Ligand code: H79
């Protein structure tokens, strides 16, 4: 009996050892596979290792999307551009605190007035979806330092500091999941006017700077910046990437004096927590080494480049003049202008991140809604000419723009030739057909002596914003 007991013990041990060895082996195999074929990884020195193919896979949804919604929503929506009877002279409502040098203590009291009971995450997400937008980038924390999500790292957040008490980011995450949009977070990593150790607030916290002679305040270095990083910024980015499901991208902004190693910490935090998540390049201002960090670049705010571009880029743009809500800003861009912006940007291979500034009660102003609906109407008919397209093979056309996808060229006509004959640049390929995207009706075309395609377009087909003509050709594009 005793022998049997000892034996069975030995057998059990043996079996256990076997399972462990086997388990470990298969575990290592699985890890090796993810490293090689799956996704990138951080190596022991904190370098992000990723093949081109892995990066392409990670970027795929973003390249397909071409169009996203930017949302600036925070305490500044309460002031809406006005402070103690005075209007802000500069354009951006989210800059009101710095404009009037509002002391932190006073600015904090705005939280008493933020109670967006009319906020409906599903309505916002549906509005974006119906406009043809594929992702939403929302200010989780802007330069004023107020977190629009529940945060354990700072009580200066919408859940703990307002009567509202709900976490709108949780609700948006659920709505985005439901409607198939990617939720993404804007996070101001360097400026935080609420914190003495961060960059920006020179009126409340004049100490703790190292000012380089002859430089502006924006070049001032906070000596204790790392303290702010460790206590607030990094824990909050961690919260954003832990509590809201899969996040499409993190949109850092205004790197200011952030060093390369500090920027790397912000980048690697994202890599570690959600390796698929994208990062925009505003994490770091290119230093002398001209290094670009992050996964894709942005142009300046509201700056559409003048010529064709290569690489992944995005243009953040306002729908009026401000980002955050302002009661006195009525300088709305027309729907036509916005649609043409989208086309123009897509024709240069970029994404359009179009901003709205919701009000403090949680609603989105009618002027913004109307414009988004009009874009949606156009997209319903023409979105094939936007999604997944690449930049135009031609230089800018006199009468419009061009986007391309597989064996199709999409010509977006802005200005019609008065004789109804549209001249399209020459391609060497055999043309299968040309048709209007709106009704798929084939168009008659002829080739001029120098190979240009001359299209006859019926007048009733004209779309005020842009009419899309598809030219389908055989084989690989040959110019
Ligand atoms: O979030 C939006 C802006 O608040 C933010 N980026 C976009 C996406 C941004 N931060 N800094 N800047 C844009 C550029 C700085 C503009 C400034 Fe000014 C010029 C700061 C001070 C002078 C505009 C004019 C704001 C205040 C006065």
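Values in this text are rule-based calculations from the coordinates and carry no lab data. Computed from a prediction, not measured in an experiment: that's the story for all the values here. Cβ coordinates were reconstructed from backbone atoms using ideal geometry, including for glycine residues, and neighbour counts include every protein chain displayed.
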Notebook entry, point to check: Taking other Cβ within 10 Å of each residue's Cβ, how do 184, 277 sort, fewest first?
Noted result: 277, 184
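Quick one: order 256, 59 by neighbouring beta-carbon count within 10 Å, fewest to most.
Values: 256 19, 59 14.
Exposure proxy ranking, most exposed first: 59, 256.
With both bridge residues required to lie in the chain, what share of the DSSP beta bridges run antiparallel, to the nearest 5%?
Details: 33 of 63 bridges.
Roughly 50 percent of the DSSP beta bridges within the chain come out antiparallel.
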Item checked: Translational diffusion coefficient (Stokes-Einstein; Kirkwood radius from C-alpha pairs) of the stretch 227-372 at 37 °C, 0.692 mPa s, in µm²/s -> 191
Item checked: Rough spin-label spacing in nm, given labels placed 7 Å along Cα→Cβ, for residue 399 and residue 444 -> 1.6
Margin query: For the stretch 47-195, give me the percentage of DSSP beta bridges that are antiparallel, rounded to the nearest 5 percent.
Written below: 20
Note to self: Taking the Kirkwood radius as the inverse of the mean 1/r across Cα pairs, report the Rg/Rh of the chain.
What the structure shows: 1.06
Check: Fewest first, what order do 179, 92 take by the number of other Cβ atoms within 10 Å?
Finding: 179, 92
